[in-house]
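Novice: The structure's right below; bear with me while I get my questions together.
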Amino acid sequence: MSQSNSSNPTAANRRVWLRALLYAVLLVFVVYYLLPLYVMLVNSFKPLEEIRGGNMLALPHIWTFEPWKAAWSSAQIGVQPTGLKPYFINSIMMVVPAVTLSTLLGAVNGYVLTKWQFPGHGLVFAMILLACFIPFQIVLIPMARVLGILGLAGSTPGLVLVHLVYGLGFTTLFFRNYYAAFPTELVRAAQMDGANFFQVFWRILLPSSGPIIVVTVIWQFTNIWNDFLFGASFADFDSIPMTVALNNLVNSSTGVKEYNVHFAGAVLAALPTLIVYVVSGRYFVRGLMAGAVKG
Amino acid sequence: MASLKLQNIRKQYNKLEVLKGIDIEIEDGGFLVLVGPSGCGKSTLLNCIAGLEDISSGDIMIGEKSVVDLHPSQRDIAMVFQSYALYPNMNVEQNIAFGMEMRGIAKPEREAAIARVAETLQITELLKRKPSQLSGGQRQRVAMGRALVRDPQVFLFDEPLSNLDAKLRVDMRTEIKKLHQTMGTTIVYVTHDQIEALTLATKIAVLKFGELQQFGTPKQIYDQPNNLFVAEFMGSPSMNLMRARIIEAEGTLTAHVATGQGATLVLPLHGFEALNAHKGTEVILGLRPEAITDEASASGQDQSKVLLQSCQINVVEPAGSDTFVTTSLGGKEVIARLGADAVVSAGESMPLAFNMAKAVFFDPSSEQRIA
């Protein structure tokens, strides 16, 4: 290759230009995607006067953490000046059990649908799959009714149940496809070794499910953390999740719009999902690929 | 250790019958090989013995006890799977210990058992490795270790050598045979490789389409195949089958086979009284390649039953220890097995010695052996 380069300078030149053009285009896209994040971050560190003075893109003249502190612990949310902190905790209390339970149940479903097949298992799977395609809005009223009957209306456990039920379709799909490629001989060997239904699951299948667990957890965490509709519909004062609180923060008017506080609040709301992606993003891609090739 | 008895085993999937009444009995310490082409039901039969699949009717006895209603783990059997089925998340030691752990055996006992088995199979230095860090042969050993550690009544092997390369397969075959000789445990072994079947078995069951074609010792299967299918399936190269006419001349029976050159090969039949019923009809004559040989190699055989006849040689295939040549007989290519030093080239004629002591005869329509 280096030989052809030296013997043919025009071709080499053209290659360099094409490469430069490619990087230029990519750079434009990078800026395009990162600009909103940049604007949010920069302005969250500015005093309000500086924002009102114009130029959203400029770096702060005076760096201040006040907007962050305000957004976290003292900003007006609805009628209470609590900041986002209690709602952040609400969201954690909702997301952790919802993600854990839906992932575990999805794994058990996938295990049964592939390794303990019963007559009509295909139909059952098709029906679970159908749950993935039901729009959120359709289930609102029936769900409200069910939560009322169960006495869970307006509570965090109620929200956990909603997200668990809604997420089960996806988690089952993920695990079923992953376990379909899992050798059945291993299950049979474990049965002959005397392992029962749950021992096979805990000792053989689950320890080999790393990639698909990561995919499912990321998927479920992002969806449940970012959910607004269920939170807005089913939460009470003491169970409002982060997303709804952020909306309330932005819409609570006390005269002035505190853009810097709003920006800081928005970044706070997005932070957990960002962290999850940064930490396990490469497993996510790997897991999706594994599913694509094998499943 | 125990005997194994299969009584009229039937297995149906909806309307499809995959096992059609199998009766097999293997004595304590025997080595039973189930052999047949793909889809003959041999693996299904093994899974039924293991309890991984239910039978539709019939009975399975291990020792004097029926095990049909028992869970696989209660049948006192151990199985080596085709893919080895080693648990990927556990190391070798944990793999071997898993069954004992499930049965609630105390840790010191488990460790002693692992050490003993690892010693037998020479895998002691591999105990801490994961299956992914093992070669094919090592995985095979670990899979056998997992079965051995149970010290079961019956071992089940499901095509255990089919994932190994040719050289390793021969080594492991010898090792399995050695293991059987030292342990003396009853073994049921599934394979589609007829050489494995002949070398390992004390009893062979040949299956086709879910039906038992023949059950007997390797020698019976090889020398007296029940029908054309068994004759062709067992042995490599397979048995030569040629059309022959039974004719009585001067008080003795003879079989007439057309040679490629328009001549007729007349083979004397001594001791084939059963063929009297087929005088004048066409039958199928089966002769193993080693029953057609050169004059020097035939010198040790019963000369009264050996006939020399000149045949035109079409192809010569030297195989090191033997030389295989083909000639045309009864409208078919026939393979003869000559000594390694036989001097012959394609297109020549040479005298071939036909050893009729080893001949078998089949009815062309029913395909069953008649003599």
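The values are calculated or read from the model by the stated rules, or taken from the named source; none is laboratory data. Quick caveat: nothing in here was measured; it's all calculated off a predicted structure. Heads up, the Cβs are rebuilt from the backbone with ideal geometry, glycines too, and the neighbour counts pull from every protein chain shown. Just the protein is used for accessible areas: all its heavy atoms, side chains included, with ligands, DNA and RNA removed. Shrake-Rupley method; radii C 1.70, N 1.55, O 1.52, S 1.80 Å.
Novice: Mind listing the Cα extents of the stretch B:70-193 along all three principal axes, in Å, largest one first?
Specialist: 40, 34, 25 Å, listed from the longest principal axis down.
Novice: As I understand it, the value is the acute angle between the Cα axis of helix B:107-121 and the longest principal axis of the Cα atoms of chain B; what does it come to in degrees, rounded to 10?
Specialist: 30 degrees
Novice: Ignoring ligands, DNA and RNA, please state the percent of accessible area on the stretch B:29-130 from carbon and sulfur, probe 1.4 Å.
Specialist: Its accessible area is 46 percent carbon and sulfur atoms.
Novice: Sticking with this one: If you average the sequence gap of Cα pairs under 8 Å that are 6 or more apart and divide by the length of the stretch A:85-292, what percent do you get for the contact order?
Specialist: Contact order relative to length: 33 percent.
Novice: Can you check how the C-alpha radius of gyration of the stretch A:9-74 compares to 2.2 N^0.38 Å, as a plain ratio?
Specialist: 1.79
Novice: Also, I was wondering about something else. Please give the net charge around B:SER236, taking every other residue with its beta carbon less than 14 angstrom from that of B:SER236, where Lys and Arg add +1 and Asp and Glu add -1.
Specialist: Net of charged neighbours comes to -4.
Novice: Report relative contact order for the stretch A:9-74 in percent, whole number only (criteria: Cα-Cα under 8 Å, sequence separation at least 6).
Specialist: Relative contact order of the stretch A:9-74: 26 percent.
Novice: Between A:PHE237 and A:ARG19, what is the spin-label point distance in nm, taking each point 7 Å from the Cα along the Cα→C-beta axis?
Specialist: It is 6.5 nm.
Novice: If you don't mind, another one. Using a 10 Å cut-off on Cβ to Cβ distances, tally the other chain neighbours for every residue of B:99-112 and report the average as a whole number.
Specialist: Mean number of neighbouring Cβ atoms from other chains: 2.
Novice: With a cut-off of 8 Å between alpha carbons and a minimum separation of six or more residues, what is the relative contact order of the stretch B:143-209 in percent?
Specialist: 38 percent
Novice: Report the accessible surface area buried between chains B and A, summing both sides, using a 1.4 Å probe on protein heavy atoms only, in Å² rounded to the nearest 100.
Specialist: 1800 Å²
Novice: With a Cα-only, solvent-free Debye model of the stretch A:85-292, what are the log10 I(q)/I(0) values at q = 0.09, 0.13, 0.19 Å⁻¹?
Specialist: Scattering profile of the stretch A:85-292, log10 relative to I(0): -0.42, -0.80, -1.33.
Novice: Whole Å is fine, so just give me how far the alpha carbon centre of the stretch B:352-371 lies from that of the stretch B:167-189.
Specialist: Here the answer is 33 Å between Cα centres.
Novice: On alpha-carbon atoms, Rg over Rh for the stretch B:186-240 using Kirkwood Rh?
Specialist: Rg divided by Rh gives 0.92.
Novice: Something else about it: Which trypsin sites (Lys or Arg not before Pro) in the stretch B:1-62 pass both tests, a DSSP loop state and at most 15 other beta-carbon atoms within 10 Å?
Specialist: Those satisfying the criteria are B:LYS15.
Novice: Among the lysines, select those whose C-alpha is under 20 Å from the C-alpha of B:LYS128, and discard any that sit fewer than 8 residues away in the same chain.
Specialist: Within the straight-line limit of under 20 Å, B:LYS128 reaches these lysines: B:LYS107.
Novice: Quick one: dipole size for chain B, taken about the Cα centre, charges +1 on Lys/Arg Cβ and -1 on Asp/Glu Cβ, in debye to the nearest 20.
Specialist: The dipole magnitude comes to about 940 debye.
Novice: With charges set only on the Cβ (+1 for Lys and Arg, -1 for Asp and Glu), what does the dipole of the stretch A:85-292 come to about its Cα centre, in debye to the nearest 20?
Specialist: That gives a dipole near 340 debye.
Novice: Based on the mean of other beta carbon atoms within 10 Å per residue, what is the order of B:337-349, A:93-105, most packed first?
Specialist: Most protected by this proxy first, the peptides run A:93-105, B:337-349.
Novice: Positive end of the charge dipole of the stretch B:125-188 (Lys, Arg +1 and Asp, Glu -1 on Cβ, about the Cα centre): tell me which of B:THR186, B:ASN163, B:GLN138 has its Cα farthest that way.
Specialist: After comparing all options, I get B:GLN138.
Novice: Students often get this wrong, so check it: of B:LYS208/B:LYS358; B:LYS11/B:LYS178; B:LYS167/B:LYS332; B:LYS5/B:LYS177, which have C-alpha atoms separated by over 30 Å?
Specialist: From B:LYS208/B:LYS358; B:LYS11/B:LYS178; B:LYS167/B:LYS332; B:LYS5/B:LYS177, over 30 Å: B:LYS11/B:LYS178; B:LYS167/B:LYS332.
Novice: Averaged across the residues of A:181-188, what count of C-beta atoms belonging to other chains lies within 10 Å of each residue's C-beta?
Specialist: Per-residue shielding by partner chains comes out at 5.
Novice: For chain B, what does -39500 (n - 2.57) per DSSP helix run (n ≥ 4), summed and divided by total residues, give at 222 nm, in deg cm²/dmol to the nearest 500?
Specialist: Per the formula, -7000 deg cm²/dmol.
Novice: May I pose another question? I'd like the distance separating the alpha-carbon centroids of the stretch A:209-268 and the stretch A:113-176, in whole Å.
Specialist: Each part's Cα centre sits 22 Å from the other's.
Novice: In addition: Is there a simple number for the mean count of other chain Cβ atoms within 10 Å of the Cβ of residues in A:199-205, and what is it?
Specialist: Per-residue shielding by partner chains comes out at 3.
Novice: Still on this model: As a test question: what accessible area, to the nearest 10 Å², does A:TRP68 have when a 1.4 Å probe is rolled over all protein chains in place?
Specialist: Estimated to the nearest 10 Å², A:TRP68 gives 50 Å².
Novice: I've got another one for you. Can you find, among A:ALA12, A:ILE77, A:HIS61, the residue sitting farthest towards the positive end of the charge dipole of the stretch A:1-158, where Lys and Arg contribute +1 and Asp and Glu -1 at Cβ?
Specialist: Farthest along the dipole direction, towards plus: A:ALA12.
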